[in-house]
Structures are given as structure tokens and as C-alpha cells.
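As C-alpha cells, the structure follows; a few thoughts come after it.
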Amino acid sequence: MKKYLNNLYITQPEVNIGREGLTLVIYNDDKKVGQFPAHNFENIICFNYTGMSPAAMALCLEQKVCVSFLTRTGKILGQVTGHPSGNVLLRRAQYRIADDEALSLLFAKLFIEAKLFNSIRTLAKFIKDHNSNEAVNEVNQIRFGLIKSRKRIKECNDLESLRGIEGDTSRNYFQVFNKLILQQKLDFVFNDRRRRPPTDPVNAMLSLTYGMTRVLYENALVTVGLDPYVGFLHRDRPGRKSLALDMMEELRSYLADRFVLTLINRRQITISDFYFKKDGAVLFNDDGIKKYLDLWNKKLQETITHPFLNERISIGLIPYVQSMLLARTLRGDLDTYPPTMIV
């Protein structure tokens, strides 16, 4: 089992990263403010910063540390990674499946079935914990609809029909997402999913959290030797890492949505952590992004019992474990890929 390593987040625009030997050195206006052994980190995630020296970048490549560049909305601008691991036979198996719609459909169904299962669990948890809430009946209706849609997945004969089910269930699920917000209801109002740009604090947090989840999957897929650009559900598009998008569907509700709801309902994030741009976009301010990232890192280090391995692992390791299981399936070591369905 891979050891879970920390992530380093760079949020201040004036910060630079340099190198001394095997150590990453953090400079703020040419003043050294911190230093860390490079091998302490699995990922370095950068938001609006001034630069990283070529020597520091080379050290990250040597130590297999992935450097990702994100906007404050969670959009991934680019990544720096070393040579892909694994062998060409694994990637050839992946490409053959991606070129075969019938085989792609088998994997795509598993990704979406897990997404619906975890979405149903999120709604069921709300109903169980807040059964006196006036929104319970409406939430329960959507839950029943998702259960029916999950059964329909088995009847799908093509990817287009599956994408239609996924799109319909996402819209229905988000119809009641605002009902799951129980605190700070005047400040955190969710009407519908808005991405580019997010126009309210809830969408701002969802977009960023989906982006952070996607980074975990992209890095994990490269680590096990798979090509994150070639997926089975999402269509090929230049620059799109389709397999990472496929696999993160499993964790959207369980990890990302629940994390955002927790931040709001526990008042760990407040309206003062955001700023509102003139063009209507809503983003975290400097203090807010630091608070968010600290809470995100703590979330990733929480442990669960993995449903397939039956081992205690960090939540942040789920993308790596699932990528490893997918690779084993493509190699023929497993008969069927076991998606993430958390009870």
C-alpha cells in the first residue's frame, strides 16, 4: 500500500519556490519563510503564485512529486509530472477498451452506478439525521428517483443513453441540494449548478472541490501507469483528462458534496471567506482559501474501511486505490472493476 503523503498548497501570489539540495525552499519577496524535504509531499498545488525555479521543478520530478496549477475556481491549468510508470501493455489494454463502445460501456456503467449509489446514500443520511425537517419528503422523492435510475443503468445499451441518465439524475439531485444546507441559509443559497464562473459561494466551493478531487485522480492514474486522457464515459477532447473525469464521478457526492455541506453546516466557512467580483463571479478570498485548504487536507487524512480491500485507508488514498484496481482489471488480475460505494 502506498504511503499517504502530504500536499503543499501555494496560495500567495508573491511566493516563489526554490531548491537547496533535496529541500524545497519557500521565499516570500526574496525572504526565506520555510523549507521542506521534497519527499514529504505527493502533490504541490499552486494557486496564483509567481514561480518555481527550474531546479525546484527538477527536484519534484526526481522525487515523483506532481506539481499542479489551479485557478481559484478549481480549473486545472496544467501539471508537471515525471515519466509515466507502468508498461505500454497496460496502456494498450486501456486504449483497446476505449476504442470499443461495448467494453467502454461496461466500465462506464460501474462509474455511474457508484455515483448514484453514493448520491443516494448522501440523501438517505440527510433523511435519517433530520427526519423532522419539512424537506424530508421532497428529498425522499428524489432519492427514490435515483434508485429507479440506478436500476435503469443495467438496461443501457449504449454510452449516449447512459450519459442521458447521468445528466438527468445530476439535475434531479441538485434540485434538492439546497435543502441539505441547514445553517447559514441566508448566506449560502444554492439554486442550480453554475460552473463558469461560479456565481454564489456554494457553487464556488463545489467547483473548487471537484477540481481538487480531479487532481487526486489525475495524479493517481499517472502513478499506476494509466493514461488519464483516455476514458470510457467522457468523450475524447483535446486537453481533457477523460479517465480522471470518469473515475471521479464515484466520489463527487461522497467526498466533494458532503465536504462542502459540512463546511457550511458546521460554520467552518462563512460568507466573509469570499469576495464577489464585478462580473458576478464568486471566489474565496486569501484567508478563505487558506482555511478551506487546511480543512481539505484534514478531510483527506480521515480514515475509512475500503469496501473492496476491507482495510483502513486515508480518504485521500481512495483515488490511488481505485486507479490501482482499475489497472489490475485491465491486466486481467480482476474479473470486474470494483467501484467506490461507501456504505
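Checking every residue in the range 234-247 against the condition of being under 25 Å from Asp129 (Cβ atoms), of a type in the set (A, V, I, L, M, F, W, C) and modelled with pLDDT of 90 or more gives zero matches. For the range 97-132, the set of residues classified as assigned to a helix (DSSP H, G or I) and either farther than 22 Å from Gln322 by Cα or of a type in the set (Asp, Glu) (or both) consists of Glu101, Glu113, Leu123, Ala124, Lys125, Phe126, Ile127, Lys128, Asp129, listed by residue number. For the range 292-303, the set of residues classified as hydrophobic (A, V, I, L, M, F, W, C) and modelled with pLDDT under 90 consists of Leu293, Leu300, listed by residue number. Consider the range 258-273. How many of its residues are touching a Leu at 6+ places or on another chain (Cβ under 7 Å) and buried (at least 19 other Cβ atoms within 10 Å of the Cβ)? The total comes to 4.
When Glu160 is tested against (1) exposed (fewer than 15 other Cβ atoms within 10 Å of the Cβ); (2) not in a helix (DSSP H, G or I), just one condition goes unmet, and that condition is (2).
Screening Leu146, Leu162 for residues that are of a type outside the set (D, E, K, R) and in contact with a Phe, Trp or Tyr (Cβ under 9 Å, 6 or more places away or on another chain) leaves exactly one candidate, Leu146.
Could you say whether any residue in the range 272-292 is under 17 Å from Phe111 (Cβ atoms) and among the β-branched types (Val, Ile, Thr)? Looking through the range 272-292, none of the residues is under 17 Å from Phe111 (Cβ atoms) and among the β-branched types (Val, Ile, Thr).
The values are calculated or read from the model by the stated rules, or taken from the named source; none is laboratory data. Keep in mind that this is a model prediction, so the values were computed, not measured. Reconstructed Cβ throughout: ideal geometry from the backbone, glycine too, with neighbour counts over all protein chains shown.
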